[in-house]
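These notes concern the structure reproduced below.
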Amino acid sequence: MSIYSTNEWDPLKKVIVGVPEYARIPTMDKSLRVVNYADKKDISNVKSGLYPKQVVDESNEDLDVFVNFLKSEGVEVRRPNRVPTGYYNYCPRDSVFVYKNHALATPMSLRAREKEFINIVEHLGNNFSIADNYQGDDIYNEGCVGDLEQLALNEIAPKFDAANVIRANDHLLYLVSNSGNRKGAEYLQEFVGSDVKVHTLEKVYSYMHIDSTVAFLREGLLLANPSRIKSRDMLPAPFNTWDIVWAPEPVDVGHYPGLCNSSIWTWNVNLFSVNPNLVVLEKHQEPTRKALEAHGIECAMLPIRHARTLGGCFHCCTLDLVREVR
Ligand code: NVA
């Protein structure tokens, strides 16, 4: 089978690991303004253009270590094409949702990312579809700028990044935020069919993606970001009865001067499972390592210096294609 994966933790057999070449901050447009920078009244100092060579070179060094580690664990590793694109090919997780043997290029929230899937499509098997992506400007809500109560996407068509979703077999958790609207959750529900339930997580985190807020570690065990999930009641059933590892405060390894694309929680909640007993964690996250080891989860401590600069740690910069069904 060329792809098959239904959760975040089964033993990993095949994966795409992103590449940093040609990573760029796109030219400002309405989608970028409201989706990425709704919290900023003044965006005059937001630079656009390619990330510095140092960021690309150091990310390549770190991703090579990661790739070699995965190979030593018996995992087949694929890489995106190293070609220019509207945003980057560093986070394949963001653009394509994999469930069972299906891959879906989701209707991404940023215009500059709509075609990003093209650079990984050759690895996605035959059961691949591309969601219609509404093009009208009226999907973007400029009222959200400076008003945390409003989200960036109006509910007139489905829009969501694949990284707004995490999978636990028959139950999926979908973050409603600036990078995914409720119509997107409805679309996903139709895509996966009635045997699977899409649960929404709402009013928890307004910005990009779910995977610095909750990580599924195995059936019945999740890692939660306590600065966003204040109590288990904020999670929908069935996740509110799971055991919870409350993520310790991350060790902040910093970012390239003037370039920061994510919060400190990227360092630890955005870990990546190789199997239910082994995760890849950023190498300075000792408090998180201890918390996970207490639950029988071993941590491979690896470098990824630009997780905050580029806005993705090991979960973001991967897309699992095959996890063994047990
Ligand atoms: N946008 C998220 C990171 C997602 C991996 C955050 O800043 O926490």
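Restricting to the range 170-203, and then to whatever is in a loop (DSSP other than H, G, I, E, B) and open to solvent by 20 Å² or more (accessible area, probe 1.4 Å), can you tell me which residue is nearest to A103 (Cα to Cα)? Spell out how you get there, then give the answer.
We begin by selecting, within the range 170-203, every residue in a loop (DSSP other than H, G, I, E, B); these are 170, 176, 178-179, 181, 193-196, 202-203.
Now drop any that are not open to solvent by 20 Å² or more (accessible area, probe 1.4 Å), which leaves 170, 193-195, 202-203.
Details: D170: 16, G193: 14, S194: 18, D195: 17, E202: 25, K203: 28 Å.
Of everything passing the filter in the range 170-203, G193 is nearest to A103 (Cα to Cα).
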Conditions (1) open to solvent by 20 Å² or more (accessible area, probe 1.4 Å); (2) over 28 Å from V274 (Cα atoms): number failed by C144 = (1)
Residues that are open to solvent by 10 Å² or more (accessible area, probe 1.4 Å), on the phi < 0 side of the Ramachandran plot and touching a residue at least 12 places away in the same chain (Cβ under 8 Å): find the strands (runs of 3 or more DSSP E) completely inside the range 25-124 holding 2 or more of those.
-> 76-78
Name the residues in the range 45-59 that are of a type outside the set (V, I, T) and over 15 Å from C91 (Cβ atoms), would you?
-> N45, K47, S48, G49, L50, P52, K53, Q54, D57, E58
In the range 230-246, is there at least one residue being modelled with pLDDT of 95 or more, of a type in the set (A, V, I, L, M), out of contact with any Gly (no Cβ under 9 Å at 6 or more places or on another chain) and within 14 Å of the ligand (Cβ to nearest atom)?
-> no
Select from the range 242-260 the residues that are touching a Phe, Trp or Tyr at 6+ places or on another chain (Cβ under 8 Å), farther than 30 Å from A168 by Cα and not aliphatic (A, V, I, L, M) and list them in ascending order.
-> Y256
Pairs where the first residue, in the range 143-156, is within 16 Å of K183 (Cα to Cα) and the second is among the acidic types (D, E), C-beta under 7 Å, 6+ apart | N154/D138; I156/D138
Members of the range 177-206 that are out of contact with any helix residue (DSSP H, G or I) (no Cβ under 7 Å at 6 or more places or on another chain), within 12 Å of the ligand (Cβ to nearest atom) and touching a residue at least 60 places away in the same chain (Cβ under 8 Å) = S206
Quick one: which strands (runs of 3 or more DSSP E) sit completely within the range 204-319 and have at least 2 residues that are open to solvent by 50 Å² or more (accessible area, probe 1.4 Å)?
-> 243-246
Those residues of the range 247-291 which are of a type in the set (D, E, K, R) and either more than 14 Å from the ligand (Cβ to nearest atom) or farther than 15 Å from S59 by Cα (or both), in sequence order | E249, D252, K283, E286, R289, K290
Could you list, in sequence order, all residues of the range 36-63 that are within 28 Å of A152 (Cβ to Cβ), of a type in the set (A, V, I, L, M, F, W, C) and at pLDDT 95 or above?
-> L50, V55
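The values are calculated or read from the model by the stated rules, or taken from the named source; none is laboratory data. Worth saying up front: this structure is predicted, and the values here are computed from it rather than measured. So basically every Cβ, Gly included, is an ideal-geometry build from the backbone, and we count neighbours across all protein chains shown. All accessible areas refer to the heavy atoms of the entire protein, side chains included, with ligands and DNA or RNA removed. Shrake-Rupley method; radii C 1.70, N 1.55, O 1.52, S 1.80 Å.
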